[in-house]
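Visitor: My structure is below; once you've seen it, I'll send some questions.
The values are calculated or read from the model by the stated rules, or taken from the named source; none is laboratory data. From a predicted model like this one, the values you see are computed outputs, not experimental measurements. Note that we place each Cβ from the backbone using ideal geometry, even for glycine, and neighbour counts take in every protein chain shown.
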């Protein structure tokens, strides 16, 4: 083991430029992979973008459904149907039977 460490140290002392360039290249590769704008951050941002697009699509469907309901709410038939279903209203010539579940 001591011999191996000694051989490595001898190589480092005899080739300082090569070791410096290898270390610099290693730092550059780490920066490319793990930096603020690196590959890992890029994948994370793309996953978040896909999720946000799905949420946006769902919200747009909800908005269009709400707009459809608002348009229907202006119609007299819809107002009458809602009054009959929710508030148990009836016409003058009708008899209303309310059945409660136990």
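Visitor: Would you confirm, using the coordinates I've provided, whether residue 57 is in contact with a helix residue (DSSP H, G or I) (Cβ under 6 Å, 6 or more places away or on another chain), in a helix (DSSP H, G or I) and without any contact (Cβ under 8 Å) to a residue 24 or more places away in the chain?
Guide: no
Let's see how each residue does on (1) exposed (fewer than 10 other Cβ atoms within 10 Å of the Cβ); (2) within 37 Å of the chain's Cα centre (by Cα):
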site	(1), (2)
70	yes, yes
74	yes, yes
84	no, no
93	yes, no
97	yes, no
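Visitor: So which of 33, 55 is modelled with pLDDT of 80 or more and either surrounded by fewer than 11 Cβ atoms within 10 Å (Cβ to Cβ) or over 30 Å from residue 11 (Cβ atoms) (or both)?
Guide: 55
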